[in-house]
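Chemist: Handing you this structure, nothing more for now.
The values are calculated or read from the model by the stated rules, or taken from the named source; none is laboratory data. Fair warning: this is a prediction, and the values are worked out from it, not measured in the lab. With ideal geometry, Cβ positions are generated from the backbone for all residues, glycine too; neighbour counts draw on all protein chains shown. Note: accessible area is taken over every heavy atom of the protein model, side chains too, but ligands, DNA and RNA are not part of it. Shrake-Rupley method; radii C 1.70, N 1.55, O 1.52, S 1.80 Å.
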Number of protein chains: 2
Amino acid sequence: MSALGLIAGGGELPRAVAMAARNAGRAVFVVPLTGSVTEDWIKDFPHEFLSPGEPGRIIKALKGAGVAEVLLAGKVDRPKFQDLKLDAKGVLLLPKAIAAAKKGDDALLRFIVGICEDEGLTAISVAQAAPALVAEEGVLGAVVPDAEHRADIERAFKIVHALGALDVGQAAVVCEGLALSVEAAEGTDAMLLRIPGLRESLRGTADKKRGVLAKALKPLQDAKTDMPVVGVQTVKNAAAAFLAGIAVEAGAALILDKQAVAAEADRLGLFVVGVKP
Amino acid sequence: MSALGLIAGGGELPRAVAMAARNAGRAVFVVPLTGSVTEDWIKDFPHEFLSPGEPGRIIKALKGAGVAEVLLAGKVDRPKFQDLKLDAKGVLLLPKAIAAAKKGDDALLRFIVGICEDEGLTAISVAQAAPALVAEEGVLGAVVPDAEHRADIERAFKIVHALGALDVGQAAVVCEGLALSVEAAEGTDAMLLRIPGLRESLRGTADKKRGVLAKALKPLQDAKTDMPVVGVQTVKNAAAAFLAGIAVEAGAALILDKQAVAAEADRLGLFVVGVKP
């Protein structure tokens, strides 16, 4: 099996993917994107820091490392194009990249993946590179959603799908039918942070957990870029927002460390459930 | 012309409606909803405070004041049903009201309006009761949106319409194609407050205004309840979020004091535009 090429943005996901692939016996070469990655774990892998404006050098580095399959994972800031470090290919493609970036962050990620594919690399999904991370159907841990939670989950997925179709966000919180909070550029963590600021009649409290966080793949995403991710911190944040639980789509979301997530969910009294889309 | 019956929630809108109707020579009787209205202006009008759980008494009060046309305006908190003051009709209708409330705040408002109509009152829109408040097509003030702003306005309306169809919210902020912020239960003001917390590369700054706030009627709203409202405070809040301007749908949004809004927009360098839906 050829080495896995991991173009890495920020956050916990790229590390989890790299570790899972290495644990499965595969060589991993990392291209951390300058400006987006500051994490320490990069040092444990062969790597070369490059700018998203240097697609020519990114492809050269990956091919030089014997990579045939490539994966883009992690958070990538929309770059300031006027400050971007560019190689020759980057200069050529910049107008298209700016146009893509205007359609949303995902469009930019898809654009970068597309360049790799044009150069003969095969883009694969996190699910293919690290199948152990993919959410399965059913409850993780001991807490189970009731019928009202199931109704909230259904409504939250409807909202997320509508938003995702417009490349807006991939998460929403619904509490007894009411949409409390919807994700756009701020990200899921910041979205959860504002729940306690809502009127108490609308949300849960420390004593009575209410409402559900749902995360789903944007319909535009082809699972090669930015799959929704749930980790231990997501469970902690959902608990701090007084939520009753978290729902993801089975097969279309990642759970970074299933054992640790289940343990934390049990400790805090939340459910974490994978639902067939 | 019969007296106008105004079932009033919180916020600036009910006062603006009552003043506009009285300025046009019409008698106004107000039913401020307990728990939602604390404003002082009520004292200037004949009124009776009642709970949203007392539809029988609300209708009796309105009919006693010679009201034939009724209007519900302002913010109504989803009540805690276990604490709600109920009359006989309220007890009868409570199960339906709870079911309606679970579908979102708008469903509850539509339910209250529906009860009035069942009792022979005619529900009218703010546009009918106070046509001077309705947004018109074109720019209000001296600042004009450019082509990029127009593109952001179009994308923001697409997002708001998709959200509105699901009874989620009625406002969104888009900046150069990227959805920065989407309204749910927190309301437009709180939604704008979080823009400065986003990464600077995504948003405007004090020196360079970027992005557009769009507000639109939810497709489910029949304009008898919760039309989107822009006032002087909205302009101030949009400026504090470093936005370039505000867009509403002509004929389907309210501008509380057009002269004051235009003056504030000019002072802060923002556009305020009504767009044909």
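Chemist: Could you name the aspartates and glutamates in cross-link range of A:Lys63, using Cα to Cα under 16 Å and dropping any fewer than eight places away on the same chain?
Modeler: List returned: A:Glu48, A:Glu54, A:Glu117, A:Asp118, A:Glu119.
Chemist: Can you list the copy-to-copy distances for B:Lys60, using a point 7 angstrom from Cα toward Cβ, in nanometres, shortest first?
Modeler: Distances to the matching label points in the other copies: 8.6 nm.
Chemist: Using helices alone, what [θ] at 222 nm do you get for chain B, with -39,500 (n - 2.57) per DSSP H run of 4 or more residues, divided over all residues and rounded to the nearest 500?
Modeler: Calculated at 222 nm, the ellipticity per residue is -11000 deg cm²/dmol.
Chemist: Would you pull out the residues with amide H under 5 Å of A:Ala247's amide H, same chain only if 5 or more places away, H placed 1.01 Å from N?
Modeler: A:Leu213, A:Ala214, A:Lys215, A:Val273
Chemist: Separate question: Over the stretch B:18-73, what is the relative contact order in percent, taking alpha-carbon pairs closer than 8 angstrom and at least six residues apart?
Modeler: 30
Chemist: Another question, then. Could you point to the residue in A:Val144, A:Gly197, A:Val168 farthest towards the positive end of the stretch A:129-277's charge dipole, with +1 and -1 charges on the Cβ of Lys/Arg and Asp/Glu respectively?
Modeler: The residue sitting most towards the positive pole is A:Gly197.
Chemist: What aspartates and glutamates does A:Lys158 reach when the alpha-carbon gap must be under 17 Å and sequence neighbours fewer than 8 apart in one chain are set aside?
Modeler: A:Glu148, A:Asp167, A:Glu176, A:Glu183, A:Glu249, B:Asp167, B:Glu183
Chemist: What angle do you read, to the nearest 10 degrees and between 0 and 90, between the alpha-carbon axis of helix A:13-23 and the longest principal axis of chain A?
Modeler: Tilt of helix A:13-23: around 70 degrees.
Chemist: Still on this structure, I have one more. Quick one: work out the % antiparallel among DSSP beta bridges in chain A, nearest 5.
Modeler: 35
Chemist: What number does the stretch B:46-183 give for Rg over Rh if you use C-alpha atoms and the Kirkwood radius?
Modeler: Result for the stretch B:46-183 is an Rg/Rh of 1.08.
Chemist: Label position 7 Å from Cα toward Cβ: report the copy-to-copy distances for A:Ala27 in nm, one decimal, ordered from shortest.
Modeler: The projected label point of A:Ala27 is separated from its counterparts by 9.1 nm.
Chemist: Give me the percent of accessible area attributable to carbon and sulfur for the protein assembly as shown, probe 1.4 angstrom.
Modeler: 54
Chemist: What percent does the relative contact order of chain A come to when contacts are Cα pairs within less than 8 Å and at least six residues apart?
Modeler: Relative contact order for chain A comes out at 18 percent.
Chemist: Further, regarding this structure: Convex hull over the alpha-carbon atoms of the stretch B:109-163: what's its volume per residue in Å³?
Modeler: Spread over its residues, the Cα hull of the stretch B:109-163 gives 109 Å³ apiece.
Chemist: If the viscosity is 1.567 mPa s and the temperature 4 °C, what translational diffusion coefficient in µm²/s does Stokes-Einstein give for the protein assembly as shown when Rh comes from Kirkwood over Cα pairs?
Modeler: For these conditions, the coefficient is 51 µm²/s.
Chemist: Shifting gears a bit: Could you sort the residues of the stretch B:177-217 by number and keep only those whose accessible area is reduced by 30 Å² or more in the all-protein-chain setting relative to the chain alone, 1.4 Å probe?
Modeler: Buried-area filter returns B:Leu178, B:Ala179, B:Val182, B:Ala184, B:Ala185, B:Glu186, B:Arg194, B:Leu198, B:Arg199, B:Ser201, B:Leu202.
Chemist: Given charges of +1 on the Cβ of Lys and Arg and -1 on the Cβ of Asp and Glu, with all other atoms neutral, how large is the dipole of the stretch A:134-181 about its Cα centre, in debye to the nearest 20?
Modeler: That gives the stretch A:134-181 a dipole magnitude of about 140 debye.
Chemist: Here's something else I'd like to know. Determine the gain in length on full extension of the stretch A:Asp189-A:Lys60; use 0.36 nm per residue of separation and subtract their C-alpha separation, reporting nm with one decimal.
Modeler: The A:Asp189-A:Lys60 span can extend by a further 42.9 nm.
Chemist: I've got another one for you. Note down the relative contact order for the stretch A:128-196 as a percent, whole number, built from C-alpha pairs under 8 angstrom at least six residues apart.
Modeler: 21
Chemist: Can you list residues from other chains, or at least 5 along the same chain, whose modelled amide H is less than 5 Å from the amide H of A:Ala27?
Modeler: Under 5 Å from the amide H of A:Ala27 lie the amide H atoms of A:Leu4, each far enough along the sequence or on another chain.
Chemist: I would also like to ask the following. Build a GNM of chain B with springs between Cα atoms under 10 Å: which of B:Lys209, B:Lys158, B:Lys96 gets the top mean-square fluctuation?
Modeler: For chain B, modelled as a Gaussian network with Cα springs under 10 Å, the answer is B:Lys96.
Chemist: Could you rank B:Val229, A:Val67 by how accessible they are, 1.4 Å probe, largest area first?
Modeler: B:Val229, A:Val67
Chemist: Sticking with this structure for a sec: What is the magnitude of the charge dipole of the stretch B:1-122 about its Cα centre, with +1 placed on the Cβ of each Lys and Arg, -1 on the Cβ of each Asp and Glu, and no other charges, expressed in debye to the nearest 20?
Modeler: 180
Chemist: Treating the beta-carbon of each Lys and Arg as +1 and of each Asp and Glu as -1, no other charges, what is the dipole magnitude of chain B about its Cα centre, to the nearest 20 debye?
Modeler: That gives chain B a dipole magnitude of about 300 debye.
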